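Rule-based calculations on the coordinates, nothing more; no lab input. All of these numbers come straight from a predicted model, not from anything done at the bench. Cβ atoms come from the backbone with ideal geometry, glycine included; neighbour counts cover every protein chain shown.
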Amino acid sequence: MSPRQFRRGGGGRGRPRPGGRPGGRGRAADRRGPLTPAVDDQGANGVALAPRELELPPMMTVEDLAKLLELRPAAVIQGLIKSGIFATMNQIIDYDTAAIVAADLGFEVSEAAPGVQSIGQTTDEEEAPLEELSAEELALLVPRPPVVTVMGHVDHGKTSLLDRVRQAKVAVGEAGGITQHIGAYQVDVLVDDQPRKITFLDTPGHEAFTAMRARGAQATDIAVLVVAADDGVMPQTREAIDHAHAAKVPIVVALNKMDRPDINPDRVKQQLADSGVLVEEYGGEVPLVPVSARTGDGIDDLLTTIALVADVADLKANPNRQAAGFVVEARLDKARGPVATVLVQQGTLHAADAVVIGTVTGKLRALLDDQGKRITSAGPATPVEVLGLSAVPRAGDRLAVVDGEKAARQQVALIERAAERESGRTSGDVSLEDIFTRMQAGEIRELNLVVKADVQGSIEPLVTSLERLEEEGLRVRVLHRGTGNVTESDVMLAAASKAIIIAFNVRLEPGASGAAEAQKVDVRHYDVIYNVIDDVRRALVGMLGPRFREVVYGHAEVRQIFPVRKGGAAAGCYVTDGQITRNSRARVTRDEQLVWEGGIAMLRRVKDDVREVAAGYECGILLDGFSDFREGDVIEAFGREQVS
Ligand code: GDP
């Protein structure tokens with residue numbers, strides 16, 4: 001095939017990158033098109049007038065390149081062969097190789113910024129939506145089982161439900177089958193006398209779900225939201241709902257503990273409606289199934305309902321290609337070496353396949369199913385334990401099958417090279433400025449936010465005003481709102497959904513600040529509603545003000561309380577670390593809970609007003625508007641500094 005024919009084959013569908021922004025993101029967002037139609041440099045008749053611009057990531061699979069070029073993988077493979085490179089669809093190629101093929105096809109290529117759509121840095125938009133596949137590719141797809149995650153508030157019965165479902169399978173007659181814990185298992189269910197399978201991820205909770213997503217594994221098709229019928233919707237129920245919504249995963253409510261005497265299902269349905277989940281009975285689309293994980297009542301109904309929701313989602317995969325999947329969990333087994341549970345998403349994994357998982361390679365020695373039985377192959381949505389890896393991979397890492405161990409090692413070398421180039425960036429690497437740039441490039445139309453505030457009274461006006469903002473078709477989507485400090489789960493949600501966190505009069509929990517740093521999530525601190533709205537509006541129109549970062553200067557412990565005139569009190573303190581400065585802001589915490597935040601009115605050493613007191617010294621602190629100290633309270637001095 002000549003380059004010219006090649007060009008005609010797929011070139012007409014090629015689209016220039018809108019705006020030609022440096023450091024652009026990948027193709028997934030690209031497909032959605034620019035906000036304002038880009039001028040088509042192909043001309044109306046589709047004849048190439050000028051080279052089309054295309055940004056390529058530092059690393060990509062042949063399949064990825066085909067999608068970027070909007071060509072069939074076979075065409076790209078042929079193009080590679082012309083340049084003397086023999087590669088399969090799953091094979092990873094680097095920018096230089098991809099650039100040769102793309103240039104042959106009339107593209108003017110440039111290398112995208114590091115961290116962009118490269119191996120191991122995939123986004124949840126990785127899989128091509130079914131409607132974008134060609135008729136030929138569609139014909140290869142067959143229905144696959146749904147993958148389900150169980151979520152809900154603590155003690156509402158997630159673990160009990162997973163155990164019960166697993167037992168139900170044993171009862172169906174798996175010979176002596178005690179399911180071993182491998183992180184996922186599959187059950188059989190009869191729907192209209194047809195045997196069906198459902199795959200359950202065995203680590204319940206939205207934290208695990210979102211952490212996977214932040215690592216690029218869009219693992220779950222359906223979320224089962226467990227709500228105890230006696231306890232009703234609780235904070236983590238709401239979090240779970242928001243996390244499922246952010247991932248656009250359909251929900252099935254399992255109304256659990258129906259065996260208990262003190263239940264109130266109607267109240268729960270109303271609470272769910274108030275939290276954005278409208279069950280079918282209330283005119284919504286979310287099925288609700290009453291169950292008891294204790295007695296087993298309703299479990300079959302639940303499984304049938306999941307199967308029906310899966311039908312609506314029309315889940316399909318092509319089992320006849322090289323396998324691709326992700327790691328559910330992995331560990332080092334003393335006897336067997338590195339062991340990983342893999343969930344196959346596309347294709348079929350075979351014993352003896354050569355694989356690459358992140359930087360781990362392997363020629364698979366054995367495949368074991370969730371019963372510990374040896375199997376020879378595992379198709380889509382099948383959890384399988386694999387042996388024979390060179391090291392222990394990380395949960396959420398993607399697995400690809402390659403042609404032989406040599407190819408595997410070559411790919412790892414490429415991945416490591418790319419990782420070096422990309423060091424410092426992560427999948428969650430996102431800032432308000434960056435998001436604005438992407439919005440301008442037409443890659444995204446929504447600014448995702450997670451809003452945390454000190455009191456409920458601040459959240460409602462804040463979120464209402466934010467959601468009302470709209471600038472040139474760009475709008476705000478609040479993925480999650482809640483009172484209390486920013487938690488690690490908030491950070492992971494932001495990382496997974498490319499969201500910014502608005503921290504209104506709240507701080508980051510210790511685990512959350514580490515995660516925010518690691519994931520490079522932008523947490524913005526505010527104490528005035530107007531400033532939040534103003535900043536977000538500016539972000540939407542691209543006139544973002546300076547970014548502030550919170551800096552903690554030091555901590556002092558309250559050791560004594562002195563009454564002062566006018567009924568207030570000053571705190572006699574000992575500075576435990578850093579320093580307390582007179583003009584810093586202060587927050588008082590008691591048993592790790594935020595009690596108050598505001599300014600320092602007076603700072604004294606012995607009898608003198610001072611500007612700062614260093615660690616190891618005692619001081620007297622009078623706060624501006626708070627005097628209800630208790631011994632043991634911690635006063636944190638902090639400030640906000642402008643980030644370049
Ligand atoms: P998780 O924290 O959501 O995983 O909840 P668990 O599965 O650990 O269950 C918490 C508690 O609720 C345990 O004491 C269970 O025995 C109990 N429990 C779970 N499901 C049911 C149920 O259907 N009925 C009753 N009565 N108790 C249940």
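The Cα atoms of region 177-274 give a gyration tensor whose axes a ≥ b ≥ c have a/c of 1.5 or more with a/b no greater than b/c, which makes the shape oblate.
Determine which residues of region 213-256 fall in the zone a paramagnetic label at N264 would reach in this model, i.e. backbone nitrogen under 19 Å from the point 7 Å along Cα→Cβ. Under 19 Å, as judged by backbone N against the label point of N264, lie 227-238, 255-256 of region 213-256.
For E281 and D628 in one chain, what is 0.36 nm times their gap in residues minus the Cα-Cα distance, to one decimal in nm?
120.0 nm
Take each peptide in 329-335, 617-623, count the other Cβ atoms within 10 Å of every residue, and average; sorted highest first, the result is 617-623, 329-335.
Using a simple spin-label model with pseudo-atoms 7 Å out from Cα toward Cβ, L594 and T483 lie 1.3 nm apart. If Lys and Arg each add +1 and Asp and Glu each add -1, what is the summed charge of the other residues whose beta carbon sits under 10 Å from the beta carbon of R260? Charge balance in the 10 Å sphere: -2.
Near the amide H of A569, within less than 5 Å, lie the amide hydrogens of V564, all on another chain or at least 5 residues away, with H placed in the peptide plane. Contact order, relative form, for region 538-633: 30 percent (alpha carbon pairs under 8 Å, 6 or more residues apart, mean separation divided by residue count). The slack between A74 and E557, meaning 0.36 nm per residue of separation minus the straight C-alpha distance, is 167.1 nm. Once the Cα-Cα distance is subtracted from the 0.36 nm per residue extended length, the S465 to I529 segment shows a gain of 22.1 nm. Residues in region 579-584 carry Karplus couplings, in order, of 8, 10, 10, 4, 9, 7 Hz; the curve used is 6.51 cos²θ - 1.76 cosθ + 1.60 with θ = phi - 60°, and Gly or Pro positions show x. Taking Lys and Arg as +1 and Asp and Glu as -1, the other residues whose beta-carbon sits under 9 Å from that of H156 total 0.
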